[in-house]
1. Has segment 339-347 got any residue that is of a type outside the set (Val, Ile, Thr), surrounded by 17 or more Cβ atoms within 10 Å (Cβ to Cβ) and in a loop (DSSP other than H, G, I, E, B)?
2. Can you say whether Ile260 is modelled with pLDDT of 95 or more and surrounded by fewer than 21 Cβ atoms within 10 Å (Cβ to Cβ), as far as the supplied structure shows?
3. How many of the residues in segment 242-257 are more than 11 Å from the ligand (Cβ to nearest atom) and buried (at least 22 other Cβ atoms within 10 Å of the Cβ)?
4. Taking the criterion of being of a type in the set (Asp, Glu), at pLDDT 95 or above and either outside the structural domain of Gly147 (by TED's automatic domain parsing) or in contact with a His (Cβ under 9 Å, 6 or more places away or on another chain) (or both), would at least one residue in segment 198-217 satisfy it?
5. Scan segment 115-138 for residues that are polar (S, T, N, Q), open to solvent by 40 Å² or more (accessible area, probe 1.4 Å) and in contact with a Ser or Thr (Cβ under 9 Å, 6 or more places away or on another chain) and report the count.
6. Output the number of the condition that Gly37 fails; it satisfies all remaining conditions of (1) more than 16 Å from the ligand (Cβ to nearest atom); (2) crowded, with 20+ Cβ neighbours inside 10 Å; (3) outside any helix (DSSP H, G or I); (4) of a type outside the set (D, E, K, R).
7. Surrounded by fewer than 16 Cβ atoms within 10 Å (Cβ to Cβ), among the aliphatic types (A, V, I, L, M) and either modelled with pLDDT of 95 or more or on the phi > 0 side of the Ramachandran plot (or both): which single residue out of Leu43, Leu22 fits that description?
Amino acid sequence: MPSQRQLFLKHLAQTSDSPLMLEMISAEGIYMHDVNGKEYIDLISGIGVSNVGHRHKKVVEAIKNQVDKHLHVMVYGEFVQSPQVKLAEALTNTLPESMNSVYLVNSGSEAIEGAIKLAKRYTGGSEIISCNNSYHGSSHGALSLTGSESFKRNYRPLLPGIQHIDFGDINHLNSITEKTAAFVIETVQGEAGVRYASSEYWKAVRKRCNETGTLLILDEIQCGFGRTGKFWAFNHYEIIPDVVVSAKGMGGGMPIGCFISNKEIMHVFTENPVLGHISTFGGHPVSAAAALATIGVIHDENLLNDITEKEELFHNLLNHNKIKEIRSKGLMMAVEFESYDVLKPIIDKAIDLGVVTDWFLFNDQSMRIAPPLNISKEEIKKACKVVLQAIDSV
Ligand code: PMP
């Protein structure tokens with residue numbers, strides 16, 4: 001009989017010719033367990049998803065309660081579904097008053113698609129600006145915004161009218177003009193290997209978008225939901241976006257995404273044509289219940305209170321002459337080595353020793369560290385010890 005691994009390779013479409021192929025059968029908190037009973041520390045939260053840890057009991061409870069009530073009952077936007085309403089209210093409570101209308105979808109890419117359609121409709125423009133080395137998703141629109149030629153090259157034609165500028169460079173903001181419908185930018189760049197910009201930059205971005213009537217769309221799919229130590233990464237800067245986009249960590253392990261804006265802006269989807277943006281499963285009640293519980297956990301357990309201390313602990317512990325630099329914003333961290341060839345065996349060894357990390361799409365000499373926010377200081381020490389052991393062993 002073929003093994004699960006053989007069937008995985010045979011029947012599941014592959015995204016690379018070297019998948020990690022770990023076979024997890026359970027996960028709890030920061031830990032995952034494979035089919036052989038081996039325990040792993042998940043130092044990347046399933047890539048930016050398990051911000052409240054795997055299977056947080058409040059999230060699991062909310063899922064079970066909702067499953068006992070109803071699953072899908074109607075496409076998004078027609079019925080008053082309690083989990084969606086409560087979630088939307090809770091989300092807007094985390095945001096400035098102007099951001100009071102939530103559109104629920106299923107994933108990050110989908111949320112980006114909705115946000116750029118919104119900007120086109122609201123401004124009447126079609127040009128969009130995003131950043132070099134940005135990642136916004138794999139669907140055609142989101143891919144068009146993504147700032148990597150190698151990702152896009154073989155999928156053209158993509159969306160026309162898209163220009164890329166350098167993240168964090170005030171001099172490039174003049175590329176935003178009255179013709180620009182939206183400036184789509186990650187508040188902290190993820191796949192570029194954790195890059196952040198100055199407060200001055202963000203003020204200049206807001207000013208330029210105001211001058212040109214351009215919607216400022218912040219992609220917080222990876223950096224939002226507490227990852228950087230504030231609920232939204234833009235809370236680090238004195239700006240308010242026109243649209244914020246979320247997914248990944250939002251669902252506490254369930255698939256869900258959203259884009260949030262002002263009611264007046266969002267209104268454009270209701271007319272000319274009516275049903276201008278629709279989704280069958282957007283805001284699935286079970287995912288919405290999980291997302292609501294996730295917000296509750298972040299607040300009730302004060303998960304953001306000691307993120308800076310934990311960030312510092314990582315910096316202090318990961319002290320090694322092979323480490324060139326550590327860039328971080330809260331628990332979104334990139335540990336840079338000389339090259340991918342130096343890093344890859346370290347990652348393999350760490351996995352061998354029971355700590356899962358990886359690298360970034362556009363920065364393959366940096367190790368991604370983005371653990372569940374509720375990792376304890378003892379667990380950080382344990383994980384860093386293994387990472388250092390892995391570095392020493394290669
Ligand atoms: N934007 C950012 C910043 C992301 O990190 C990701 C996912 N890596 C996406 C968009 C796309 O999200 P999804 O994979 O859910 O479509």
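The values are calculated or read from the model by the stated rules, or taken from the named source; none is laboratory data. Note that the structure is predicted; figures quoted are calculated from it, not measured. No Cβ is skipped: glycine too gets one built from the backbone with ideal geometry, and neighbour counts run over all protein chains shown. SASA here: full protein model, heavy atoms, side chains in, ligands and nucleic acids out. Shrake-Rupley method; radii C 1.70, N 1.55, O 1.52, S 1.80 Å.
1. Scanning segment 339-347, I find no residue that is of a type outside the set (Val, Ile, Thr), surrounded by 17 or more Cβ atoms within 10 Å (Cβ to Cβ) and in a loop (DSSP other than H, G, I, E, B), so the answer is no.
2. Numbers: modelled with pLDDT of 95 or more: yes; surrounded by fewer than 21 Cβ atoms within 10 Å (Cβ to Cβ): no.
The answer is no for Ile260.
3. As a first pass, look at segment 242-257 and keep what is more than 11 Å from the ligand (Cβ to nearest atom): 242-244, 252-254.
Those still in the list that are buried (at least 22 other Cβ atoms within 10 Å of the Cβ) too: 242-244, 252-253.
The qualifying residues number 5.
4. no
5. Taking segment 115-138 and keeping what is polar (S, T, N, Q), we get 123, 126, 130, 132-134, 138.
Next cut, open to solvent by 40 Å² or more (accessible area, probe 1.4 Å) only: 123, 126, 132-133, 138.
Now drop any that are not in contact with a Ser or Thr (Cβ under 9 Å, 6 or more places away or on another chain), which leaves 123, 132-133, 138.
The total comes to 4.
6. Result: Gly37 fails condition (2) only.
7. Details: Leu43 fails: surrounded by fewer than 16 Cβ atoms within 10 Å (Cβ to Cβ).
Unique residue meeting the criteria: Leu22.
Yes/no matrix, rows are residues, columns are (1) part of a loop (DSSP other than H, G, I, E, B); (2) in the same structural domain as Leu361 (by TED's automatic domain parsing); (3) closer than 18 Å to Val188 by Cβ; (4) of a type in the set (A, V, I, L, M, F, W, C):
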| site | (1), (2), (3), (4) |
| --- | --- |
| Leu118 | no, no, no, yes |
| Ser130 | no, no, yes, no |
| Ser134 | yes, no, yes, no |
| Gly137 | yes, no, yes, no |
